[in-house]
Amino acid sequence: MSHITNPDGSAPTSSSASPLFNARRVRIQHIARAKAEGIPLTMLTAYDALTAPILEAAGVDMLLIGDSLGNVILGHSSTLPVTLEDMERATGAVARSTSRAMIVADLPFGTYEDSPEHAFASATRLMKAGAHAVKLEGGEARAHIISALTDAGIPVCAHLGYTPQSENTLGGPRMQGRGDGADQLRRDSLAVQEAGAFAVVFEMVPAAIATELTRTLSIATIGIGAGPNTDGQVLVWSDMAGYSDWTPSFVRTFGTLGAALHEAASDYVEAVRERTFPGPENYKNA
Ligand code: KIV
């Protein structure tokens, strides 16, 4: 059975699956138009070909191959060990299994910070794997890299506020943009906009500054732990779906997937042990 059906087997409703402006492919002009018209943008992470089409069928506008894949999929304790090869493989899987969502792939730590040439070489590999845009962490200090990539035809989404690749200089996951940090966030936001970024993710910043910047910037703002007033929201899909026991306080869990999977696997174990699986419907007698 296709994965992209409702539990009763019917097709997803047109409202949940409705693409942004009926776009066959969500592109940067649709993101700009959504900002201009005040239409909330939806982004979720995706890392594989099993999950991505389900998220797309639900109507998600942008699928982010986040380097959170390091924690969520690969079992690392941070995003730092994630390689370009990890990102290429996941980007390819998401790209091959979807057709409408804009695919945004993270440039992993150590693959873009030192020079525009290095950034271009890395971004090119993600674009060849199927991405339509890349995301990178940093503001003023990375503006020249954003300009070089956009000049080369690669749309860039910037990531400001708490930037997990810098967790060691930021002192771990904590709110950014408070006090003096607010002015730096303003400067960083303007710098990435002027450098040509089509959108900016604000992670773990106070709602008030995210609201102000959403009002003043012309590019779309996408929040995670940044309050309700950004142009869009992004979550790690497994957090959103209730796959694991713990989620940060800014996450709402919209499902109980972890519990459902545990129950299914427990039922399977029991059925095998009781020899009720496979049943006659699962095999043919010779
Ligand atoms: O890698 C990721 O999942 C992200 C989001 C949290 C924005 O960058």
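The values are calculated or read from the model by the stated rules, or taken from the named source; none is laboratory data. All of these numbers come straight from a predicted model, not from anything done at the bench. No Cβ is skipped: glycine too gets one built from the backbone with ideal geometry, and neighbour counts run over all protein chains shown. In case anyone asks, the SASA skips ligands and DNA or RNA and just uses the protein heavy atoms, side chains included. Shrake-Rupley method; radii C 1.70, N 1.55, O 1.52, S 1.80 Å.
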Exercise. How about residue 35: which lysines have a C-alpha closer than 18 Å to its C-alpha, ignoring those fewer than 8 places off in the same chain?
Worked result: none
Seminar exercise, completed: So, for the Cα atoms of segment 102-168, Rg and Dmax in Å stand at 10.9, 32
Exercise. Using only the Cα atoms, what convex hull volume per residue in Å³ does segment 158-228 have?
Worked result: 79 Å³
Exercise. What are the semi-axes of the equivalent ellipsoid for segment 79-203, taken as the square roots of 5 times the Cα gyration tensor eigenvalues, largest first, in whole Å?
Worked result: 24, 16, 13
Seminar exercise, completed: With all protein chains in place and a 1.4 Å probe, residue 250 shows an accessible area in Å² (nearest 10) of 70 Å²
Exercise. Can you tell which of 73, 243, 60 lies farthest toward the positive end of the dipole of the chain, using +1 and -1 charges on the Cβ of basic and acidic side chains (Lys, Arg; Asp, Glu)?
Worked result: 60
Exercise. Per residue, how much accessible area does the chain show when a 1.4 Å probe rolls over the protein heavy atoms, in square angstrom?
Worked result: 50 Å²
For this session: Take every Cα-Cα pair in segment 205-286 and report what % of them are more than 19 Å apart.
Result: 60 percent
For this session: Return the long-range amide H neighbours of residue 46 (sequence gap of 5 or more, or a different chain), with a cut-off of under 5 Å between placed amide H atoms.
Result: 64, 65, 66
Exercise. Once phi is turned into ³J(HN,Hα) by the Karplus curve 6.51 cos²θ - 1.76 cosθ + 1.60 with θ = phi - 60°, what whole-Hz value does each residue of segment 188-201 show in order, with x for glycine and proline?
Worked result: 4, 5, 5, 5, 6, 5, 5, 6, x, 4, 8, 7, 9, 8
Seminar exercise, completed: Once the in-chain neighbours fewer than 8 apart are removed, the lysines whose Cα is under 18 Å from residue 284 read none
Problem set entry | Average projected area [Cα convex hull, the chain], square nanometres | 17.3 nm²
Exercise. Taking the inverse of the average 1/r across all pairs of different Cα atoms in segment 223-271, what Kirkwood radius in Å do you get?
Worked result: 12.2 Å
Seminar exercise, completed: In whole µm²/s, the translational diffusion coefficient that Stokes-Einstein assigns to segment 187-248, given a Kirkwood hydrodynamic radius over C-alpha pairs, 25 °C and 0.890 mPa s, equals 199 µm²/s
Exercise. Taking segment 31-86 on its own, what percent of its Cα-Cα pair distances exceed 15 Å?
Worked result: 57 percent
Seminar exercise, completed: Taking a straight Cα-to-Cα line shorter than 16 Å from residue 128, and setting aside same-chain aspartates and glutamates fewer than 8 residues away, one finds 85, 86, 88, 106
Seminar exercise, completed: Expressed as a percent, the accessible surface of the chain that is carbon or sulfur, using a 1.4 Å probe and the full set of protein chains, is 54 percent
For this session: Could you grab the relative contact order for the chain? Cα pairs under 8 Å, six or more apart, rounded to a whole percent.
Result: 14 percent
Problem set entry | Cα Rg over Rh - segment 133-286, Kirkwood | 1.23
Exercise. In segment 52-141, if every C-alpha pair distance is counted and binned at 10 Å from zero, what percent goes to each bin?
Worked result: 18, 49, 29, 4
